[in-house]
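The values are calculated or read from the model by the stated rules, or taken from the named source; none is laboratory data. Please read these numbers as outputs of a predicted model, since none were measured by experiment. Note that each Cβ is placed from the backbone with ideal geometry, even for glycine, and that neighbours are counted across all protein chains shown. These area figures cover heavy atoms from the full protein model, side chains too; ligands, DNA and RNA do not enter into them. Shrake-Rupley method; radii C 1.70, N 1.55, O 1.52, S 1.80 Å.
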Amino acid sequence: MKVVSWFVCASAVMLSAPAASAAPLTNPLTPDQVTCDELQLERLSLRVATLESGADFAHPLLLLWRSGQGGGSYSGLTVTDGISGTPGHLLRAETQLAFDLTLHPPTDTLNPGRPLLPQGSLVRREQDSNLVAPTASAPAYLTVNVALEPNAQDPFLPTIPLLVNNLAAASGTMQPASHADAAGRGITQDGLTASCENALTDFDQRIFVVLARTVRLSQCVALPGTPPFCNPDGSAYNVTFFRGADPQTYRANVYFYAVACDKGTCSYGVLSKVAWEFTMNWDANGTLTTGEVSVLPPCPNGPAPGCSDQQGDGTPLFILPPLWPGHGHQGQHAFDLGAFLRYDFAGSPKNIPSATVNWGVLLANSAWN
């Protein structure tokens, strides 16, 4: 049996600061607006999958958030599984693929006799991506799939795909793909062009990017108490980021999905959800300083917005300084500066449900300091 799993990790961030400095940076949202964002990103994440080709134990990570005002605009970052080593001797090196996804309601077509269909465009942001030409010794390459068909059954094998990769030259049968366009009714079926609040600010976008550059998952790292499990069939993770109701909070959810194939028959579905909350402080200039991260409590009556499932999977979650992907690397010192968490299941003695984060130290000498 082949199991392909992906985790849609979502995080929540609370930004605590004096009211005078907070007011110009973010806007309050209603609980309904927060739930709308949460579920809209959940529906989109069920249609997006990332693949890391050329690595036997590949567990790439995809991070996704809404961008700009209005509906239908999203940004994402995909990274290779870059954490290795053993406790006390951890290493990080990765390559990244950045992209923008724009989804439109039914629009005009060249042929006036054809029905109007919703359309999508997926574009690789080359200045923010590592372009690779894989050989026997070169880095693996990343592919992002978005499924636009109604009732998408498997985003790893979409029937109406949007696809980009970070190839600089052909690799086997795969050609470089910097952009893609397609039409599919799944866009409007899942309400992906609607706007939930029209209230995101430049500061919100900055925090989403900071989280995308610092939050990492690693299934294969042997940490104390971690089960000796590392899926050789290639599991992947998705992370969604979104705002909270309070003008100083950010919310997120973590979903664990799997595709199980046996004798040519495959099934795809949700296995669990984990939700994290980050508490952050900033100064009068909007520079992040300190904070905390913690898991949200388990849902009392089954899956619901704003809480975690009873069952997690214990995958280590790291918060690390930003890395210059494709060029730099980090050793144990960077891990000591950051934070480490895990959530096996409600009440597990192996849980590490909270940690402090020194954002001032993590972001020092970076563009976000």
Note on region 318-369: residues polar (S, T, N, Q), open to solvent by 60 Å² or more (accessible area, probe 1.4 Å) and either in contact with a Lys or Arg (Cβ under 6 Å, 6 or more places away or on another chain) or in contact (Cβ under 8 Å) with a residue 60 or more places away in the chain (or both) are SER354, THR356, ASN358, ASN369
Report task. Check region 2-24 and report whether any residue there is part of a loop (DSSP other than H, G, I, E, B), open to solvent by less than 10 Å² (accessible area, probe 1.4 Å) and at pLDDT 60 or above. Result -> no
Over region 305-315, the set of residues modelled with pLDDT of 90 or more and of a type in the set (Gly, Ala, Ser) is GLY306, SER308
Over region 80-115, the set of residues within 24 Å of THR315 (Cβ to Cβ), of a type in the set (A, V, I, L, M) and under 20 Å from the mean Cα position of the chain (by Cα) is ILE83, ALA93, LEU97, ALA98
Filtering region 151-202 for residues that are more than 24 Å from LEU46 (Cβ to Cβ), open to solvent by 50 Å² or more (accessible area, probe 1.4 Å) and among the hydrophobic types (A, V, I, L, M, F, W, C) leaves a count of 3
Filtering region 288-310 for residues that are crowded, with 16+ Cβ neighbours inside 10 Å and either aromatic (Phe, Trp, Tyr) or in contact with a Cys (Cβ under 7 Å, 6 or more places away or on another chain) (or both) leaves a count of 6
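Name the single residue that is surrounded by the fewest Cβ atoms within 10 Å (Cβ to Cβ) among those in region 69-106 being among the hydroxyl-bearing types (Ser, Thr, Tyr) and closer than 18 Å to SER218 by Cβ. Walk me through it before giving the result.
Just the residues of region 69-106 that are among the hydroxyl-bearing types (Ser, Thr, Tyr), to begin with: 73-75, 78, 80, 84, 86, 95, 102.
Checking the rest, the ones that are also closer than 18 Å to SER218 by Cβ come to 78, 80, 84, 86, 95.
Numbers: THR78: 28, THR80: 27, SER84: 15, THR86: 10, THR95: 22.
Restricting to residues being among the hydroxyl-bearing types (Ser, Thr, Tyr) and closer than 18 Å to SER218 by Cβ, the top hit is THR86.
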| request: Please indicate, with yes or no, whether at least one residue in region 130-141 is closer than 24 Å to GLY68 by Cβ and open to solvent by less than 50 Å² (accessible area, probe 1.4 Å). | output: no
Being crowded, with 21+ Cβ neighbours inside 10 Å, out of contact with any helix residue (DSSP H, G or I) (no Cβ under 6 Å at 6 or more places or on another chain) and basic (Lys, Arg) narrows ARG43, ARG114, ARG47, ARG125 down to just ARG47
**Prompt:** Does GLY286 satisfy the criteria of being over 21 Å from the mean Cα position of the chain (by Cα), at pLDDT 90 or above and at positive phi?
**Reply:** yes
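Any chance region 334-351 includes a residue that's small (Gly, Ala, Ser) and at positive phi?
The answer is yes, given that some residue of region 334-351 is small (Gly, Ala, Ser) and at positive phi.
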Here the qualifying pairs (Cβ atoms under 6 Å; residues six or more apart or on different chains; first in region 180-199 and hydroxyl-bearing (Ser, Thr, Tyr); second surrounded by 17 or more Cβ atoms within 10 Å (Cβ to Cβ)) come out as THR188/PRO118; THR193/GLY71; THR193/GLY72; THR193/LEU103; SER195/GLY71
Next item on the list: Tell me, please, whether a residue that is without any contact (Cβ under 8 Å) to a residue 40 or more places away in the chain, out of contact with any Ser or Thr (no Cβ under 8 Å at 6 or more places or on another chain) and under 28 Å from THR249 (Cα atoms) can be found in region 31-52.
Entry: yes
